[in-house]
């Protein structure tokens with residue numbers, strides 16, 4: 001059974017359940033998520049708006065915000081992430097995605113504040129530091145980005161993407177020897193990683 005076929009069967013099942021319980025926020029949310037997974041964002045938004053109206057849930061607000069984001073309704077996405085955070089101020093998914101939305105809207109300072117705040121909420125989570133590093137990288141602040149990736153590796157020495165990103169920064173700085181050192185560390189963990197192998201080849205063929 002294909003994934004799409006399975007989702008369609010789930011949607012049909014949820015629709016049948018909704019006939020018996022038309023005001024169930026959980027079912028409306030599940031139906032909205034099903035449409036989201038199929039890329040039917042308009043239908044997804046319609047169901048998720050009903051779920052939000054029927055239940056004060058950070059998760060439902062978050063799912064609706066994600067749908068608006070996919071529809072490129074970024075201001076509406078921001079509003080829904082903020083609504084989710086009113087309900088649960090430490091909802092990590094909403095904090096992360098809200099930061100992404102602010103960055104898309106050209107509000108880099110607000111995005112930075114949120115990415116940094118998440119590292120304080122989750123100081124032991126390597127992904128929090130990695131995401132902050134990616135923000136700095138997109139802002140062309142390579143030194144700050146590398147520092148964040150190093151912290152991520154301190155938390156999880158098997159974080160292959162962090163090795164790659166540091167190696168790429170060093171490659172751009174023409175520090176090829178040091179770049180190769182990070183590539184080799186990454187390849188020790190994931191010997192078939194295509195990005196690591198390509199960058200290694202680029203260094204060897206320069």
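See the values below:
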quantity	calculated
Per-selection Kirkwood Rh - the chain (Cα, Å, 1 d.p.)	19.2
Sorted by Cβ neighbour density within 10 Å, fewest at the top, the residues 138, 120	120, 138
Pairwise FRET efficiency - residue 15 versus residue 138, Cβ, R0 = 35 Å, nearest 0.05	0.30
Choice from 92, 143, 189 with maximal GNM fluctuation in the chain (Cα, 10 Å cutoff)	189
Relative contact order (percent, whole number), segment 1-55, Cα cutoff 8 Å, 6+ residue spacing	34
Cα Rg, Dmax (largest Cα-Cα span) when computed across segment 124-206, Å	11.9, 38
Exposure proxy order (Cβ contacts within 10 Å, fewest to most) of 69, 44	69, 44
Computed label-point distance, nm, for sites residue 204 and residue 157 using a 7 Å Cα→Cβ extension	2.6
Helix axis angle, 194-204 relative to the chain longest principal axis, alpha carbon, degrees	20
Sorted by Cβ neighbour density within 10 Å, fewest at the top, the residues 6, 129, 116, 142	6, 116, 142, 129
Net length gained if the chain between residue 147 and residue 178 were fully extended (0.36 nm per residue, minus Cα distance)	9.7 nm
Cα-based Rg of segment 1-55 normalised by 2.2 N^0.38 Å, two decimals	1.06
Within the chain, helix-based [θ] at 222 nm, where runs of 4 or more DSSP H residues each add -39,500 (n - 2.57), nearest 500	-25500 deg cm²/dmol
Angle in degrees between helix 92-104 and the longest Cα principal axis of the chain, rounded to the nearest 10	70
Computed lengthening from residue 192 to residue 71, 0.36 nm per intervening residue step minus Cα-Cα distance	40.0 nm
Relative contact order (%) - criterion: Cα under 8 Å, at least six apart; region: the chain	9
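Read-outs: derived from the displayed coordinates by stated rules, not from any lab. Just so you know, these numbers come straight off a predicted model, no measurement behind them. For neighbour counting, all protein chains shown are included, and Cβ atoms are generated from backbone atoms with ideal geometry for every residue, glycine included.
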